[in-house]
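Structure first, then comments.
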Amino acid sequence: MAKSHKPVVWFPFAAGGTVIAFCIPVIVLLTFLAALGHVPAGLSYDKMHSFAVSVLGKLIIFGVVALSLWSSAHRLRCTCYDFGLRADTLAAAVLYVAAIIGSVASAVFLLRI
């Protein structure tokens with residue numbers, strides 16, 4: 001039986017979907033509360049900055065951003081196909097390159113903090 005490379009591609013997609021399902025609603029809620037002026041004490045600027053400066057914090061933030069971008073790129077690829085865009089190779093190339101560029105940009109930004 002021939003080996004497939006699909007698990008390599010599907011792992012970031014599945015992990016990104018899990019990250020989106022569990023983390024993004026919390027991030028949206030906390031952003032909404034911060035916009036209303038109700039910032040919990042544990043989420044002050046100083047504490048969040050110290051988290052983002054640490055190596056573990058950078059890895060977590062990068063993981064959330066990169067996996068979310070990969071999952072969203074795959075979802076958009078499937079949506080383009082469902083809407084009748086049959087140039088799947090072009091759509092995949094554009095979307096996955098955008099996800100890679102976004103991941104590299106987030107890594108560069110995090111390294112500059």
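No value in this document is a laboratory result; all are computed from the given coordinates. These figures come from a predicted structure and were not determined experimentally. FYI the Cβ positions are ideal-geometry reconstructions off the backbone, even for glycines, and counts take in every protein chain you see.
Can you confirm whether residue 41 is under 18 Å from residue 11 (Cβ atoms), out of contact with any Gly (no Cβ under 9 Å at 6 or more places or on another chain) and either of a type in the set (Phe, Trp, Tyr) or without any contact (Cβ under 8 Å) to a residue 60 or more places away in the chain (or both)?
Criteria not met by residue 41.
Is there any pair linking a residue in segment 87-103 that is within 13 Å of residue 72 (Cβ to Cβ) to one that is among the acidic types (Asp, Glu), with Cβ under 7 Å and at least six apart or on different chains, and which?
Taking only residues 6 or more apart or on different chains, not a single pair turns up.
So residue 52 ticks every box in (1) free of Cβ contacts under 8 Å to residues at least 60 places away in the same chain; (2) out of contact with any Asp or Glu (no Cβ under 7 Å at 6 or more places or on another chain) but one. Which box is left unticked?
(1)
Quick grid of which residues meet (1) surrounded by fewer than 15 Cβ atoms within 10 Å (Cβ to Cβ); (2) under 17 Å from residue 17 (Cβ atoms); (3) among the β-branched types (Val, Ile, Thr):
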residue	(1), (2), (3)
62	no, no, no
65	no, yes, yes
74	no, yes, no
83	yes, no, no
88	yes, no, no
